[in-house]
Amino acid sequence: MLSRQDFHMTDLLYIYLPTLFLAYCVYKIYRIVLWPLISPLSKIPSMPYNPIFGNTKEISKAETTEYSLRVSKKLGPVARYFFFFGFEIVSVTGPEEIKHVLVTRGKNYDRQLRSRKLLECIAGYSILASSGPDHAAQRKLLNPSFSYRSIRAMVVSFQKYGQELNRFWKSNLEKNGATKHGLVAQPIQKDLGRTMLDVIGECAFGYEFNSIWEPEKKLTQAFADVLQLGFPASSWKILIPFYQSLPLEENRRFKAGKKIVRQAVQTVIEHRKNEMKEGKEPYKDLLSVLMMAKDEETGQGLSDTELTDHVMTFMFAGQETTSTGLIWTLYLLSQHPEIQDKVRKEILEVLPNNEDITWEHLDKLQYLKAVISESLRLFPPVAAVPEVALQDDKIGDYFIPKGTYVLINTGAMHRNPNVWPDPETFNPDRFTDPNNPPKPYTYLPFSIGRRNCIGSRFALIGMRVILSTLLRDLQFSLVPGTSYKRTQRITMRPKPPMQLQICKV
Ligand code: HEM
């Protein structure tokens, strides 16, 4: 005779589980076959898609921004993409439509919850992870850290590490027996990543990673682990819910790395607090500005955890993005030796004796500035911004229901011939005439609106200083036979990792 417990088990096995499975199958068939036809987004044009895989095959085969550009050329500035099992998103590539989402109706859109949670897991609870009034309050608090005054004080660090990298490359040239005009295939991607870690470590919390010369140090490795393992966003792992909670070696390394980095930041905070008590002169980094910050109403300063979260956020948002910008700029200059020579000429005119770079020097490096702007147009490290609609809306003529995922494809817009003439050509002169700036909302490497990049000034000045220290007496060219594709990792990176030939001028 069956016991009560056995009866429940057989119920489960033969009735509930199959019913559940059947219901799931019916739901999936509905999502795959019927939903695309009746979805409120069905009026938005889409490319042909596979019922199960959607457009994922074409997207993954194309270079970053290539598919969105193809679609926008064919279907216009608003298009519907399908991912797995009928999951749909709206891609936006037109200046007017981008303005609508990020500015005019900016309050109606926000970073997706899943992205915010992922960023919180990596960097803690700061502006990357917060939303609504909390986000606005944090932005207000963090803005002074990125004022002209703060960034001005960091020029010394940008120059110091640019010069270190210059020295490192020259020493490699010498080691390779090429003391005068020798060439070498140098992994510039790795080297620029380390340089930016050194820069941002010093500018964010006064820490000397010295990773150009000592890449094996524990803290440098820990930072690399957190960055590489914390972002499953660009891989299939994102599809597995709670992936980061699974008992896997990489998750263990991620957690251990995060603990080491946070501990290092906290140690610096404690040290600083003691120094402040002793009345020592404050440092000129982002952390010291934050340590002075007080809540307008309560007069309270930030807690140690909040300070650590903000420093971690600067490091994670700033290191990879800026080094990616530098990598693509040197790549473009390698392909265009005449432009590289012109930049070098300007640098040598403004800084003939390799003097300490000041704000006044930077102001005169206008062609280099234009080169960087043009590089960020063709190769924006952040090529798309994912948003979600918080309430029903309309983009152009199309109805956008609450909860719709909207992808702002700035990178595709930057290469659209309807927006930029001759868009595939690297032409810094697009940015040299101050009376003829880009048309509004057509150039957005740092996004726009409430969540635009808080570190854009840091990045632009940092890139100008570092490039001026490298290009003055080093020449970059492509390694014969190599070519690179744009691929989406954390940022839009070259595939394979970039190597360039370097020689002394
Ligand atoms: C070339 C270098 C950089 C590029 C291209 C870049 C680009 C961007 C873009 C497009 C966004 C908006 C992302 C979104 O809405 O999802 C953003 C946000 C952000 N960036 Fe940057 N960034 C760069 C460098 C930096 C640096 C150096 C820092 C800090 C030191 C930084 C800190 C941040 C932060 C904290 C946010 C979040 C802002 C918010 O949510 O309110 N970025 N960045």
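Each value in this text was obtained by applying a stated rule to the coordinates, not by laboratory testing. Just so you know, these numbers come straight off a predicted model, no measurement behind them. Ideal geometry is used to build each Cβ from the backbone, glycine not excepted, and the neighbour counts take in all protein chains shown.
Any chance you could run the full-extension gain for LEU75 through ARG450? It's 0.36 nm times the residue separation minus the Cα-Cα distance, nm to one decimal.
Full extension from LEU75 to ARG450 adds 132.1 nm.
Based on other C-beta atoms within 10 Å, arrange CYS25, CYS121 from fewest to most.
CYS25, CYS121
Quick one: 3J(HN,Hα) in Hz for the stretch 494-505, Karplus 6.51/-1.76/1.60 with θ = phi - 60°, rounded, Gly and Pro as x.
Here the 3J(HN,Hα) series is x, 10, x, x, 6, 10, 10, 8, 10, 9, 6, 6 Hz.
Run through the stretch 97-191 and list the trypsin sites (Lys or Arg not before Pro) located in a DSSP loop whose Cβ has at most 12 other Cβ atoms within 10 Å.
Answer by residue number: LYS180.
For ASP392 and MET9, calculate 0.36 nm times their separation in residues minus their Cα-Cα distance, and state this gained length in nm to one decimal.
That works out to 133.3 nm of additional length.
When a/c is below 1.5 the answer is rounded, else prolate if a/b is larger than b/c, else oblate, so apply that to the stretch 444-505 with a ≥ b ≥ c taken from the square roots of the Cα gyration tensor eigenvalues.
oblate
So if R0 is 60 Å, what FRET efficiency would GLN263 and LYS28 give, r being the distance between their Cβ atoms, rounded to the nearest 0.05?
The formula returns an efficiency of 0.85 here.
For the chain, take the longest principal axis of its alpha carbons; what is the angle in degrees between that and the long axis of helix 113-123, to the nearest 10 within 0 to 90?
40
Can you compute 3J(HN,Hα) from phi for each residue in the stretch 329-336, using the Karplus curve 6.51 cos²θ - 1.76 cosθ + 1.60 with θ = phi - 60°, rounded to whole Hz and x for Gly and Pro?
Result, rounded to whole Hz: 5, 5, 4, 4, 5, 5, 7, 10.
Check ILE400: other-chain or 5+ apart residues with amide H under 5 Å from its amide H, H built from backbone geometry?
ASP393, LYS394, ILE395
Report the paramagnetic label zone for LYS190: residues of the stretch 483-505 whose backbone N is under 15 Å from a point 7 Å from Cα along the Cα-to-Cβ axis.
It comes to 496-501, nothing else.
If you take the square roots of the eigenvalues of the alpha-carbon gyration tensor of the stretch 375-505 and sort them as a ≥ b ≥ c, do you get rounded (a/c under 1.5), prolate (a/b over b/c) or oblate?
Prolate is the answer for the stretch 375-505, as a/c is 1.5 or above and a/b outweighs b/c.
Give me the angle, in degrees from 0 to 90, between the Cα long axis of helix 66-75 and the longest principal axis of the Cα atoms of the chain, rounded to the nearest 10.
60
Neighbour counts of other C-beta atoms within 10 Å: give me SER60, SER131, SER72 arranged from fewest to most.
The most exposed by this proxy come first: SER60, SER131, SER72.
Amide H neighbours of LEU474 under 5 Å, counting only residues 5+ apart in sequence or on other chains, H built in-plane at 1.01 Å?
Amide H to amide H, under 5 Å and 5 or more residues apart or across chains, LEU474 pairs with VAL505.
Divide by every residue of the chain the summed helix terms, -39500 (n - 2.57) for each DSSP H run of at least 4, and state the resulting mean residue ellipticity at 222 nm, rounded to the nearest 500 deg cm²/dmol.
Helices in the chain give a 222 nm mean residue ellipticity of -15500 deg cm²/dmol.
Quick check: the angle from helix 148-175's long axis to the longest principal axis of the chain, C-alpha only, nearest 10 degrees?
The helix 148-175 is inclined about 80 degrees to the chain.
Run the simple label-point estimate for PHE21 and ASN143 please: 7 Å along Cα→C-beta, distance reported in nm.
5.9
If each residue's Cβ is checked for other Cβ atoms within 10 Å, how do ILE357, ILE15, ILE327 rank with the fewest at the top?
ILE15, ILE357, ILE327
Starting from the 7 Å offset along Cα-to-Cβ, what nm value, one decimal, do you get for the label separation of ARG167 and ASN274?
2.9
From the phi angles alone, apply the Karplus equation (6.51, -1.76, 1.60; θ = phi - 60°) to the stretch 369-386 and give each ³J(HN,Hα) in whole Hz, x where the residue is Gly or Pro.
Values per residue, Gly and Pro as x: 4, 5, 4, 5, 4, 5, 5, 6, 6, 6, 10, x, x, 10, 8, 8, 10, x Hz.
I need to check one value: relative contact order of the chain, counting alpha carbon pairs closer than 8 Å and at least 6 residues apart, in percent.
23
Need the full-extension length gain, ASP295 to SER131, defined as separation in residues times 0.36 nm minus the C-alpha distance. One decimal, nm.
Contour length minus the Cα-Cα distance gives 57.2 nm.
Take LYS364 and LYS439, extend 7 Å from each Cα along the Cα→Cβ direction, and tell me the distance between the two endpoints in nm.
For LYS364 paired with LYS439, the spin-label model returns 3.7 nm.
What's the whole-number percent of alpha carbon pairs in the chain lying beyond 41 angstrom?
Summing the P(r) of the chain above 41 Å gives 26 percent of all pairs.
Sequence-distant or interchain residues sharing an amide H contact under 5 Å with THR64, placed H: which?
Counting only residues 5 or more places away or on other chains, the set is ARG486, THR487, GLN488.
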